[in-house]
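Throughout, read-outs are computed from the coordinates displayed, never taken from laboratory work. These numbers were taken from a predicted model, which means no experiment stands behind them. Because the Cβ atoms are built from the backbone with ideal geometry, glycine has one as well, and the counts that use them run over all protein chains shown.
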Amino acid sequence: MADKIALITGVTGQDGGYLAELLLAKGYVVHGLKRRSSSFNTARVDHLYQDPHERNVRFHMHYGDMTDSTNLIRLVQETQPSEIYNLAAQSHVQVSFETPEYTANADGMGALRLLEAIRILGLEKTARYYQASTSELYGKVVETPQSETTPFYPRSPYAAAKLYAYWITVNYREAYGLHASNGILFNHEGPTRGETFVTRKITRAVAAIKLGLQNVLYVGNIDAKRDWGHARDYVEGMWRILQQETPDDYVLATGETHSVREFIELAFAEVGRTIEWRGKGVDETGVDAASGDVLVAIDPRYFRPTEVELLLGDPTKAHQKLGWHHKVSFRQLVTEMVRSDLAIVGTEASSRSHGLD
Ligand code: NDP
Ligand code: GDR
């Protein structure tokens, strides 16, 4: 049987790295789209790199951008993928308030460009398409837990752009018979999570504070609640969605929700610090119960113009139809991320002290 060929946009991102690893382990040939950058941006896939001069290379990277239709059409034509995972996006909710037009272009129009590439090349019957949809679509709380039938109410330019991508995926499925599916994924994290998302920001700060390199962690809304899982579990769900005979839309979530405050407490507990909360509102601080030192403070700069207060997913459909279940618990996730950052931050500090940077 011929090798399965996958094309992953956003291969250099957190999920792209885990998904490329999974598909290569399953015997796929994997093509990834990466952006040109003035500095290295492939750290998450460097361990998968294969010298293109060798034989039987199964992992290939191509320059590209979701804002360039000509590039996407050529890439799909050259790679002839049987599965396309559209993971590329300006994925930071707060940054989308600063760059709303770019976010709409890359996250919303980008999905349309890729779907059109499939259609223009006449690959509707051979290529399956996965759209990285998001729990941010639920936005303002209408009901919990949130399932495939919960109405959407986006609360950011990011979520509004992803709403377009969601519906254009459904439309291309219905209009052209394309095997196109949405994974409505709740927050998923891990040691390679981008450093400005709240979980990684916390675990890096906890490590730096433990190693005496930082004093205080500044955060925004600590009462926001999220349904946090591990990215490795979630890319398995993406793959399962594309293995179904019939395309459909699925929620992937753990079914548990925790506040940013709880995440902070657990992360500090990993390094033996107990946090006590004092004060109220923007003056609230998290102090070390033993020494009274302020370890956490609120900086209103991190508040969002409109916030998503509570996300809690109902993954029943994915359990029943995909046989998908998350494996890593909230506590295990926090432990893994703190331990990884203790090692990373420690190494960074020691390179600096040896004059290596
Ligand atoms: P990351 O931000 O880690 O990765 C995003 C990827 O998209 C990177 O490879 C980035 O490239 C690339 N990218 C950004 N803009 C463009 C562009 N214009 N053209 C081409 N590539 C681009 O996100 P995640 O891995 O966490 O998420 C993957 C997808 O899933 C995203 O679409 C995200 O919105 C969505 N999602 C994520 C969830 C999560 O909790 N992680 C939950 C639900 C949905 P570069 O490395 O150069 O920046
Ligand atoms: P989110 O993730 O917006 O849910 O989007 P993020 O980690 O950025 O925020 C989660 C919650 O934490 C609050 N928060 C802070 N957030 C950041 N980044 N920095 C802070 O200092 C801080 N303090 C408090 C936020 O207000 C928010 O309520 C992620 C992205 O991966 C999206 O691409 C994806 O679609 C969704 O998850 C599901």
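Here are a few things to note about the model shown:
- The S351 and A175 beta-carbon pair, evaluated with R₀ = 45 Å, returns a calculated FRET efficiency of approximately 0.25.
- Relative contact order (%) - criterion: Cα under 8 Å, at least six apart; region: the chain: 16 percent
- Binning the alpha carbon pair distances of region 187-261 at 5 angstrom intervals from zero yields the distribution 3, 13, 18, 20, 16, 12, 8, 5, 3, 2, 1, expressed in whole percent.
- Once the C-beta distance of R119 and H62 is scaled by a Förster radius of 22 Å, the resulting FRET efficiency is 0.60 to the nearest 0.05.
- Degrees separating the helix 198-210 axis from the principal Cα axis of the chain, which is the longest one: 40 degrees
- Residues of region 24-43 with an amide N closer than 18 Å to a point placed 7 Å from the Cα of Q80 along the Cα-to-Cβ direction: 28-32.
- In plain terms, the chain from A43 to E276 could stretch by 80.2 nm, reckoned as 0.36 nm per residue minus the Cα-Cα distance.
- Here the alpha carbons of the chain define both size measures, Rg and Dmax, at 20.9, 67 Å.
- Listed pairs K4/K140; K162/K317; K162/K280; K210/K280; K34/K201 exceeding 32 Å between Cα atoms: K4/K140; K162/K280
- Put simply, when 262-269, 157-164, 296-303 are sorted by average Cβ atoms within 10 angstrom per residue, most first, you get 157-164, 262-269, 296-303.
- Backbone N within region 152-195 under 19 Å of label point (7 Å from Q332 Cα along the Cβ vector): 186-193
- Secondary structure note: in the chain, about 20% of the DSSP beta bridges are antiparallel.
- Contour excess over end-to-end distance, with Cα ends at E101 and E148 and 0.36 nm allotted per residue: 14.2 nm
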